[in-house]
1. Residues V47, V94: which one is at pLDDT 95 or above, aliphatic (A, V, I, L, M) and out of contact with any Gly (no Cβ under 8 Å at 6 or more places or on another chain)?
2. Restricting to segment 50-86, count the residues that are within 15 Å of I37 (Cα to Cα) and out of contact with any Ser or Thr (no Cβ under 8 Å at 6 or more places or on another chain).
3. Scan segment 62-89 for residues that are small (G, A, S) and out of contact with any Lys or Arg (no Cβ under 9 Å at 6 or more places or on another chain) and jot them down.
4. In this structure, does E36 turn out to be within 26 Å of R93 (Cβ to Cβ), exposed (fewer than 13 other Cβ atoms within 10 Å of the Cβ) and modelled with pLDDT of 95 or more?
5. Scan segment 26-50 and report the pairs whose first residue is within 17 Å of V83 (Cα to Cα) and whose second residue is surrounded by 13 or more Cβ atoms within 10 Å (Cβ to Cβ) and among the aromatic types (F, W, Y), with Cβ atoms within less than 7 Å and a gap of 6+ or a chain change.
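The values are calculated or read from the model by the stated rules, or taken from the named source; none is laboratory data. Bear in mind that the values here come from a model prediction, so they are computed numbers and not experimental data. In this analysis, Cβ positions are derived from the backbone assuming ideal geometry, glycine residues included, and neighbour counts consider all displayed protein chains.
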Amino acid sequence: MAQRTVTRAELSEAVYQRIGLSRSESAALVELVLEEISASLAKGDSVKLSSFGSFLVRDKGQRIGRNPKTGVEVPIEPRRVMVFKPSNIMKARVNGEEVPDSD
């Protein structure tokens, strides 16, 4: 199955067609939502979208990694990573199952 990537422009077009806002208002709305999610995650907050899933920020500690080419051990610095945890409703949709009534 060929994978397809949905772009910001396609999201804006979907908002335009379904909600009836102008194209520029739809684009601004999509940008505003994405900026708010990004800002919250950058602060370290979690973002939960009901019936969709949660975006979480996790701290990973320093650890020792290995260069696969040379086998040399190198320290991997501590960092923050973003994780997406889909809701049960989203999991069911992705798997083509019947969607439960509530999250």
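1. Sole residue among the options that is at pLDDT 95 or above, aliphatic (A, V, I, L, M) and out of contact with any Gly (no Cβ under 8 Å at 6 or more places or on another chain): V47.
2. Residues that pass the stated criteria total 3.
3. Once the filter is applied, which keeps residues that are small (G, A, S) and out of contact with any Lys or Arg (no Cβ under 9 Å at 6 or more places or on another chain), segment 62-89 yields G65, G71.
4. Considered against the rule, which asks whether it is within 26 Å of R93 (Cβ to Cβ), exposed (fewer than 13 other Cβ atoms within 10 Å of the Cβ) and modelled with pLDDT of 95 or more, E36 comes out as yes.
5. Listed by first residue and then by second, the contacts come to I37/F55; L41/F55; S46/F55; V47/F55.
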